Amino acid sequence: MAVIADRCPQIQVTVVDLNAERIAAWNDDDLSRLPVYEPGLDAVVGRARGRNLHFSTEVDAAIAAADMVFLSVNTPTKTRGVGAGQASDLRWIEVSARQVAAAAQGHTIVVEKSTLPVRTAEAVKAILAAAQGDAHGGKTFSVLSNPEFLAEGTAIADLEAPDRVLIGGEDDAAIEALVSIYGQWVPEERILRTNLWSSELSKLTANAFLAQRISSINSIAALCEATGADVREVARAIGSDSRLGARFLQAGPGFGGSCFQKDILNLVYLCRHYGLEAVASYWEQVVSLNNWQQHRIARKVVQSLFGTVTGKRLAVLGFAFKADTNDTRESPAIRICRDLIEEGAQLAIVDAKVDPAQIARDLEQAPQEIAAAGSVPAGEGGWLPVASAEAAAQGADAVLILTEWAAYRQLDWVAIAALMRRPAWLFDARAIADADAARAAGLTVWRVGEG
Ligand code: UDX
């Protein structure tokens, strides 16, 4: 919405939320305190806010004034009831649709921006249609699907120069109204028009294919380690085939983020719902492999450290699900750290952007002072936030790199090795560190996918 406001100064954009604290943060004079860390976002908000970009808790008033309403609420995986663990929880979409139905005036175009299961638009339409019938309303609605393909960390660049914008709908006038907004900065040939159901399904499919590529390369990484091949060489070799392409072939600790797992599970649930068991179990494997990869890395650490990490201090560099974001949702670091804590390890965790309170929530454990290396193994695992890679490495037996923050490419391995207990290890789950330098400094180095 900030980018739309930035690119379309003639359009008034009002972002509303029930959460007053969040809205206040979006209105904070200090742009470094916006609730989402995203490179370039502060500049965009700084340019548009107060001019034609507004943040408010006046939800009904904003709906009433709007020609177009984007439903951008979260649709997490259900945790209970039918479809728990797989289906999307659509309660916030429904609540929002009902609120739009009640508060809208005149003709309103309702755009599904949230990622939704196929045929959700039917429910949204039904709710809106009920209001349309209201005698004293005089209101009418059109529903469009306009899924978002941006990735975190590159969101602004992705929005400013998207590979494509997808608009699904049945009402040509509504579609063209939305096209005219994106058309302000997106070339016409990149704006794809589809029917509603294709648009909804394309989002799930794009994420499923992307995640599948990561599980595929991670599966081959394990085979590389076993055979003496190097997954980066394999990735380069296969990525040079123009039919495959070079991107999204980076082996790592498994994919995280708010979308991939959720969307695949949702796809799996939909397939089962339509009786397509073989299709469901095909996609389910992408998630299973990803879980396996995360557990595998924790197991690798334990095995290497003579079969036990109890009472040992381990330095964990990076907790976000990828670099350039403070987001930890489904971060592979969560499962890996939990496994190691379960094994009794003492983790010193550093991430420049992630709030330690968030790490505590993810690990479901408050931080505690960790025992000095070499002290009698206490048995209970724990974790402590630290401010730098050096502070993390102090007295540690191993350094684990779990997020590909740029700073971890240039660590001073001589200095870090000097702080560690010997023998010392580097487990580089992102294969970004200078492995030669770490080896030269006396560390035993494991890199994902390197045989
Ligand atoms: C993803 C999709 O890319 C985006 O189009 C969609 O709108 C939302 O979901 P995002 O979750 O922000 O975006 O991040 P992405 O860059 O796709 O990375 C997801 C995960 O895969 C991260 O944990 C990342 O580290 C991992 N990844 C990515 C790899 O392990 N290897 C790769 O080659 C690429």
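Taken over segment 386-416, the criterion of being crowded, with 20+ Cβ neighbours inside 10 Å and in a helix (DSSP H, G or I) is satisfied by A389, A392, A393, Y408, W413, I416. Screening E450 against (1) under 18 Å from L305 (Cα atoms); (2) touching a residue at least 40 places away in the same chain (Cβ under 8 Å) leaves a single unmet condition, (1). Checked against (1) open to solvent by 20 Å² or more (accessible area, probe 1.4 Å); (2) under 28 Å from L204 (Cα atoms), A43 passes all but a single condition, namely (2).
If the condition is being open to solvent by 10 Å² or more (accessible area, probe 1.4 Å) and assigned to a strand (DSSP E or B), then segment 307-329 contributes only R313. Suppose we keep only residues that are charged (D, E, K, R) and over 19 Å from the mean Cα position of the chain (by Cα) within segment 238-263. Which one would you say is surrounded by the fewest Cβ atoms within 10 Å (Cβ to Cβ)? Only one residue tops the list, namely R243. Against the test of being open to solvent by 20 Å² or more (accessible area, probe 1.4 Å), farther than 20 Å from Y282 by Cβ and part of a helix (DSSP H, G or I), the options A235, A221, A177 yield a single qualifying residue, A177. Restricting attention to segment 62-100, the residues that are at positive phi and either surrounded by fewer than 18 Cβ atoms within 10 Å (Cβ to Cβ) or assigned to a helix (DSSP H, G or I) (or both) add up to 2.
Taking each residue of segment 12-41 that is more than 18 Å from A61 (Cβ to Cβ) and looking for partners that are basic (K, R) and surrounded by 14 or more Cβ atoms within 10 Å (Cβ to Cβ) with beta-carbon atoms closer than 8 Å, six or more apart or interchain, yields P35/R22; Y37/K353. All told, N146 meets the bar of being polar (S, T, N, Q), within 16 Å of the ligand (Cβ to nearest atom) and open to solvent by less than 10 Å² (accessible area, probe 1.4 Å). Please tell me if A157 is in contact with a Gly (Cβ under 8 Å, 6 or more places away or on another chain) and not acidic (D, E). Yes.
For the condition surrounded by fewer than 16 Cβ atoms within 10 Å (Cβ to Cβ), within 16 Å of the ligand (Cβ to nearest atom), on the phi < 0 side of the Ramachandran plot and touching a residue at least 12 places away in the same chain (Cβ under 8 Å), what is the one hit in N291, N266? The conditions single out N291. When segment 269-288 is limited to residues that are among the charged types (D, E, K, R) and closer than 17 Å to S88 by Cα, the one that is least open to solvent (accessible area, probe 1.4 Å) turns out to be E284. Taking segment 396-447, which residues are on the phi > 0 side of the Ramachandran plot and touching a residue at least 40 places away in the same chain (Cβ under 8 Å)? Scanning segment 396-447 gives a single hit, A431. Of all residues in segment 330-339, those that are open to solvent by 30 Å² or more (accessible area, probe 1.4 Å) and in contact with a Leu (Cβ under 9 Å, 6 or more places away or on another chain) total 1.
The values are calculated or read from the model by the stated rules, or taken from the named source; none is laboratory data. This one's a predicted model, so the numbers in the text were calculated from it and none came from an experiment. All Cβ positions, glycine included, derive from the backbone under ideal geometry; neighbour counts span all protein chains shown. Heads up: the accessible areas ignore ligands, DNA and RNA and are worked out on the full protein's heavy atoms, side chains in. Shrake-Rupley method; radii C 1.70, N 1.55, O 1.52, S 1.80 Å.
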